[in-house]
1. Show that you can apply the helix-only estimate: for the chain, add -39,500 (n - 2.57) for every DSSP H stretch of four or more residues, divide by all residues, and state [θ] at 222 nm to the nearest 500.
2. Could you let me know the centre-to-centre spacing of the range 89-106 and the range 58-73, using Cα atoms, in angstrom?
3. Please state the charge dipole magnitude for the range 118-214, taken about the Cα centre, from unit charges on C-beta atoms (+1 on K and R, -1 on D and E), reported in debye and rounded to the nearest 20.
4. Which residue fluctuates most in the GNM of the chain (Cα springs below 10 Å): Y206, Y140, Y231?
5. Provide C115, C177 ordered by accessible surface of protein heavy atoms (probe 1.4 Å), highest first.
6. When the chain is modelled as a GNM with alpha-carbon springs shorter than 10 Å, which of S66, S127, S163 fluctuates the most?
7. Sorting check: for 98-108, 234-244, which peptide has the highest mean count of neighbouring beta carbons within 10 Å, and how do the rest follow?
8. With the other protein chains left in place, how much accessible area per residue, in square angstrom, belongs to the range 41-118 at a 1.4 angstrom probe?
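The values are calculated or read from the model by the stated rules, or taken from the named source; none is laboratory data. Worth saying up front: this structure is predicted, and the values here are computed from it rather than measured. Cβ placement follows ideal geometry from the backbone for every residue including glycine, while neighbour counts extend to all protein chains displayed. Ligands, DNA and RNA are excluded from the accessible area calculation, which covers all protein heavy atoms including side chains. Shrake-Rupley method; radii C 1.70, N 1.55, O 1.52, S 1.80 Å.
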Amino acid sequence: MSYKERIDTGKLPQHVAIIMDGNGRWAKQRGEHRVAGHQHGVTSVRETVEAAAEIGIQYLTLYAFSTENWNRPKEEVFALMQLLVSTIHSEVKTLNENDIRLLAIGDLKSLPEDCWKELKEAMQATSGNKRMNLVLALSYSSRWEIIEAVKNIVSDLEEGKFSSKEITEQQFEHYLCTAGFPEPELMIRTSGEHRISNFLLWQLSYSELYFTDKLWPDFRKEDFYEAIVDYQGRERRFGKISEQVSE
Ligand code: IPE
Ligand code: IPE
Ligand code: MG
């Protein structure tokens, strides 16, 4: 039986977040330039988006470029930005055909102008789509996001919009880039690295973490479904004991 057939569609995560890692190593293994790994990674993005939409995932967040990735060699950063522009441009049609809405989180204003423009247009062009939300984390890091939230909260406090006593977890979440999104129940990281790398620190508080040794350019639909099946076999206790949460 395939992993897809083993999925319980009544127990799907609403939101899956992925750290797409291992493009550089994939290319190196083949004696190719790192950029070739990123290019092949686009196929994995396509497969994963399709896989998620097919089973009815509501939100798929892909970590595509971190704040820290700006520190890579400038040729690689440039190539990644170019790849982003060309991929977004060529995928808008498919996103619309499949009723998928494109969203982005991160310091988007720091992206090169052509990239920001392409992204904005794609987000506008897909804004009415309802089947799935595809969220790209771009120039994103969680510490940046939290600091931005704090700055905006302080500014609203100073303007007297609310008092410090009124700050709750729910209130705080309104100030994050993911305001209004369900929390990711499942976070997948490829390439055998077991770390969070500044991704959704607040939002991942209770996520199930799934790590695979597959390098991102090798990641296919069945790999995504395998992660979902693994997730569905777990017991999420949220601090309680097993007897309290089992039906
Ligand atoms: C992930 O692959 C893509 C980005 C971070 C943009 P890497 O480029 O990090 O690949 P490795 O980790 O060097 O193999
Ligand atoms: C995390 O991957 C960022 C993205 C996948 C976009 P990295 O490859 O940059 O992470 P570290 O630096 O190895 O932790
Ligand atoms: Mg990496």
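1. -13500 deg cm²/dmol
2. If we compute the Cα centre of each part, the gap is 17 Å.
3. I would put it at about 240 debye.
4. With Cα springs under 10 Å in the chain, the top fluctuation among Y206, Y140, Y231 is at Y206.
5. In descending accessible area the options line up as C177, C115.
6. Residue with maximal mean-square fluctuation among S66, S127, S163: S163.
7. So the order, starting with the most tightly packed, is 98-108, 234-244.
8. Per-residue accessible area for the range 41-118 comes out at 48 Å².
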